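S.K.: Sharing a structure with you now.
The values are calculated or read from the model by the stated rules, or taken from the named source; none is laboratory data. Quick caveat, the model's predicted, so the values are computed rather than measured. Using ideal geometry, Cβ is built from the backbone for each residue, glycine included, and neighbour counts are taken over all protein chains shown.
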Amino acid sequence: MNQNYSNTRATLAIAKASFRSILRSPSAVVFSLAFPLIFILVFANIGGGGVAVDVGVAKGADTLSPVYKALKKVTVINLIKDQTADEMAKNLSKGSIDAIIDIKTNTGDLTIYPPLSSLPQKAAYMVNVQYTTSSSKGPILKSVITNVLNEINETYRKMSMATTPPQAAELKEATVSGRAYKYIDFILPGQLGFSLLSSGVFGTAFVFISLRLTLVIKRFFATPVKRYSIVLGEAIARIVFSLLGALFIIMVGHYAFGFTLIHGIVTVLNMLVLCAIGLIIFMGFGFTVSGIAKNESTVPPLSNIITLPQFLLSGTFFSVTAFPKWLQYVSNALPLTHLNNAMRKVAFEGAGLGDVTHQLFILLLWGIGVYAVAVKTFKWE
Amino acid sequence: MANQPIITVKNLVKNYDDFQAVKGISFEVYEGEIFGLLGPNGAGKTTTLEVIETLRDKTSGEITVDGFNIETDADSIKKRIGVQLQAAGYYPNLNLSELIVLFSGLYGVNKTPTEMLEKVALTDKAKAKYKDLSGGQKQRFSIATTLINNPRIIFLDEPTTGLDPQARRNLWDLIREIRNAGTTVVITTHYMDEAEVLCDRVAFVDGGHIIGIDTPDHFIDQLVATGFERAKQTKGANLEDVFINLTGKEWREG
């Protein structure tokens, strides 16, 4: 009757049907395209709110000086001490730290008296700040430092009781040039990651539970189609749709908001590969939810349990470094955090996939874990 | 009719956890007939059908469909049968043409949507969604999907439940056409008038057992021979005849 039954043909028939269905489902289009674009539009125009200025502290800086102590008290300033001078310089030009600060004590050179007004006074502390054009947070740091120094100088003036005091500290500034790290460079990969997460979890869960409850899958089983064809066909459709969506978001980001794509098309391709990897893992959550959920109305709460924490904690809107330490541990355990990090490295730093193996490894672990659970919980009928 | 069995069921038993749905059923379906499985809800009709359709595993018993063993050749059987499920839906957001294309892919055959929709008089609904069809149209479309792979046998599970008299009669015509084209039809129904006019043979299923299997005529003759009389003498027509006479025989779509 039928000569050679083709599983590939059956798989593609399902993929095509599913793709058409996704395109016609308003929620899929809204969640995957409209929401990320709206967020990008809003946040790209607001600029960075809830900022943390990452300031590298140069080796040998005087951390006992009142200048350092005062800076330490300022909450928006995040002092980084665990990087080598080399790393710091690199990170500065990339904009992953916003400035490098060096504080030196002018030992022995302090002339207390007689104060000769004609001679330039040596200050007690030298504060050397390097800014970068890669970061827009330089001015924030600048005003913080100016305030801190003014205060110290004021205290010093009162202590010395002098009318024209020598400066306690003087500020020297220099700016290194690097690529401008715009907020769009931060927000776009995050939105892309979140779009994939919601499409993978909500989309997959809804499709499979509705196919199961409306007996579409049962009807499929009365045909010679294999189970893997059904799952694979659905996965292909969702991946193709999401990658087209991602491409669209990247293009809008690039041309309308100046999203940085270092190596152009190669960077885009690398990002799409990351998108596919992320989506496959997130679909595992979707399969699990569709198996656990009793009916369609239990899908949203279950899916939200998975997506909301990652939405907030995975560096979608603000850097994970803005969180308290304990929360950062939570953030760093989430798969979306690593997808976002990998995506930002690829897009802005021009990293290849070989440079984000750490992130890919963690995603792989998540993938294994999620699919182990999905296989156990997934229901066909 | 040569009475060549195309389906043979021997001592079929199906247990669900602690409930025995089918308790040793045996019957044969002959090639080219319309075979009816009749019985109250929960009698095991649907379970029996789903086991034959390879959708459920049996607990014990032997089943052959068109010469293939259900245990070893489920795939060959799936290629030779068409299945219409009770209350099954279709892939969301697709129109009828696209659904036919999908099923052609699933069965691995080349059928155009027009060709299939013509068979069930739905060509003008090619761009409509399944959920927007009337009850009768839905059933006709379901039957179209069962015919895509030129099956030897089709299974129809309560295809006329909930249909108005016109749609029901038109579906009977369609089922007869399919049978006349050489396809064996296995059907379940709650309507005895339907079984009487449509089925060549019927089996009564109750409580997981077959309690009788014969042609409708024989059953009726046997009962009459025992001296059975209807409480109320039937007239030359019934209320359904009046309904059809008043509202016309043409399709009602709505």
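S.K.: So, of the residues in region B:91-102 that are facing chain A (nearest Cβ under 7 Å) and crowded, with 22+ Cβ neighbours inside 10 Å, which turns out to be farthest from A:Val216 (Cα to Cα)?
M.R.: Applying the filter and picking the extreme gives B:Leu102.
S.K.: When you scan region B:214-247, how many residues do you find that are of a type outside the set (Asp, Glu), in a loop (DSSP other than H, G, I, E, B) and exposed (fewer than 10 other Cβ atoms within 10 Å of the Cβ)?
M.R.: Residues flagged as of a type outside the set (Asp, Glu), in a loop (DSSP other than H, G, I, E, B) and exposed (fewer than 10 other Cβ atoms within 10 Å of the Cβ) within region B:214-247 amount to 10.
S.K.: Let me ask something else about it. Which of the residues spanning region B:46-80 are part of a loop (DSSP other than H, G, I, E, B) and more than 8 Å from chain A (Cβ to nearest Cβ)?
M.R.: Passing the criteria: B:Arg56, B:Asp57, B:Lys58, B:Thr59, B:Asp66, B:Gly67, B:Ile70, B:Glu71, B:Thr72, B:Asp73.
S.K.: Okay, moving on. Looking at (1) surrounded by fewer than 21 Cβ atoms within 10 Å (Cβ to Cβ); (2) within 14 Å of another protein chain (Cβ to nearest Cβ), can you tell me which one B:Phe204 breaks?
M.R.: Just one mismatch for B:Phe204, condition (2).
S.K.: Taking B:Gly89, is it at pLDDT below 90 and touching a Leu at 6+ places or on another chain (Cβ under 8 Å)? Break it down stepwise before answering.
M.R.: Numbers: at pLDDT below 90: yes; touching a Leu at 6+ places or on another chain (Cβ under 8 Å): yes.
Taking the combined requirement at face value, the residue satisfies it.
S.K.: Let me ask something else. Please pick out the residue among A:Val273, A:Val356 that is under 16 Å from the mean Cα position of the chain (by Cα) and in the same structural domain as A:Ala246 (by TED's automatic domain parsing).
M.R.: The conditions single out A:Val356.
S.K.: Take A:Ile292 and tell me if it is more than 25 Å from A:Asn341 (Cα to Cα), of a type in the set (A, V, I, L, M, F, W, C) and touching an Asp or Glu at 6+ places or on another chain (Cβ under 9 Å).
M.R.: no
S.K.: Having 1 or more residues that are at pLDDT below 85 and more than 8 Å from chain B (Cβ to nearest Cβ) is the bar; report the helices (runs of 4 or more DSSP H) wholly within region A:1-54 that clear it.
M.R.: Answer list for region A:1-54: A:26-29, A:35-46.
S.K.: Another question, if that's okay. When you check B:Gly108 against the structure, is it crowded, with 17+ Cβ neighbours inside 10 Å, at the interface with chain A (Cβ under 9 Å from one of its Cβ atoms) and either more than 19 Å from the chain's Cα centre (by Cα) or at positive phi (or both), yes or no?
M.R.: Yes; evaluated as a whole, the condition is true for this residue.
Matching residues to (1) in a helix (DSSP H, G or I); (2) within 23 Å of A:Leu365 (Cα to Cα); (3) of a type outside the set (A, V, I, L, M, F, W, C):
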site	(1), (2), (3)
A:Gly245	yes, no, yes
A:Phe259	no, no, no
A:Ile280	yes, yes, no
A:Val289	yes, yes, no
A:Phe311	yes, yes, no
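S.K.: Would you be able to say whether some residue in region A:251-266 is within 14 Å of chain B (Cβ to nearest Cβ) and at pLDDT 85 or above?
M.R.: no
S.K.: Collect the residues in region A:242-268 that are farther than 13 Å from A:Leu192 by Cα, touching a helix residue (DSSP H, G or I) at 6+ places or on another chain (Cβ under 9 Å) and of a type in the set (A, V, I, L, M, F, W, C), keeping them in residue-number order.
M.R.: Of everything in region A:242-268, those that are farther than 13 Å from A:Leu192 by Cα, touching a helix residue (DSSP H, G or I) at 6+ places or on another chain (Cβ under 9 Å) and of a type in the set (A, V, I, L, M, F, W, C) turn out to be A:Ala256, A:Phe257, A:Leu261, A:Ile262.
S.K.: Considering region B:81-90 alone, what residues qualify as being at the interface with another protein chain (Cβ under 7 Å from one of its Cβ atoms) and buried (at least 21 other Cβ atoms within 10 Å of the Cβ)?
M.R.: Correct list: B:Val83, B:Leu85, B:Tyr90.
S.K.: Here is a further query. Working only within region B:152-196, note down all residues that are surrounded by fewer than 21 Cβ atoms within 10 Å (Cβ to Cβ) and of a type in the set (Phe, Trp, Tyr).
M.R.: Across region B:152-196, the qualifying residues are B:Trp172, B:Tyr191.
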